[in-house]
Amino acid sequence: MPARSGDAGLFDMPQHTPPQHYLVAHIDGGARGNPGPSGYGVVIQDQSGKKVAALSDYLGHQTNNFAEYQGLIAALEYVVKHSHKALKVVSDSELMVRQIKGIYKVKNAALQDLHARAKELIAHLDWFSIGHVLRGHNQEADRLANEAMDKGTGRRPENVGAGVPARAAVVKTQEFNGIVRDGKIELLDGQLPEGSRVQVRVKP
């Protein structure tokens, strides 16, 4: 098996010239309120710039950093699942990029698990690179992340139509299962953003 290479610090190997064929993943994650309603967006292209895939998902009530890592993991899982062996990741999260490179330590327990999962997936690749860009150079992934958050919270996108003001936080009617513990209702199969208005119906 060819020797794997990545950013210095991740596997203590030097970064080498990209192979002839590789994918590029622009990733972004965000949380409104931090923590708050969160989601990620991923745009995957080949080295010529042709779009290969667009991924996004709503993550519930989480932090920005959690969402950024989930975006990275989604990109890695896609690449590994489709048997690609080389990936360049572009992210506007300088913290996550430096943590993956081994420049910064990961102190948060939840992020440590995600960091370990990312390293496990990276180990399946023959070549891996990750770099930081300003948000303005990551617009499509940012848009996908915001659309995931809009969809997850029932909020309409900001650009509903020319001259038509967007409605803020229009929440769809949803039904969740829950149980009462210590006088509080705990949801068993979902999450709601802070400030959600609910109506409780007791089932026999």
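The values are calculated or read from the model by the stated rules, or taken from the named source; none is laboratory data. Nothing here was measured: the structure is a model prediction, and the numbers come from that model. FYI the Cβ positions are ideal-geometry reconstructions off the backbone, even for glycines, and counts take in every protein chain you see.
Tabulated results
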item	result
Single match in ASP150, ASP113 (criterion: modelled with pLDDT of 95 or more and surrounded by fewer than 13 Cβ atoms within 10 Å (Cβ to Cβ))	ASP113
The one condition in (1) in contact (Cβ under 8 Å) with a residue 24 or more places away in the chain; (2) out of contact with any Asp or Glu (no Cβ under 6 Å at 6 or more places or on another chain); (3) not β-branched (Val, Ile, Thr) that HIS82 fails to fulfil	(1)
SER56, sole failed condition from (1) within 9 Å of the chain's Cα centre (by Cα); (2) more than 21 Å from ALA116 (Cβ to Cβ); (3) free of Cβ contacts under 8 Å to residues at least 60 places away in the same chain	(3)
Output for the stretch 108-155, where each listed residue is more than 27 Å from HIS21 (Cα to Cα) and of a type in the set (Ser, Thr, Tyr)	THR153
Selection status of ARG155, out of contact with any helix residue (DSSP H, G or I) (no Cβ under 7 Å at 6 or more places or on another chain) and modelled with pLDDT under 95	yes
Which listed residue, of ALA67, ALA75, is in contact with a Phe, Trp or Tyr (Cβ under 6 Å, 6 or more places away or on another chain), assigned to a helix (DSSP H, G or I), at pLDDT 95 or above and surrounded by 15 or more Cβ atoms within 10 Å (Cβ to Cβ)	ALA67
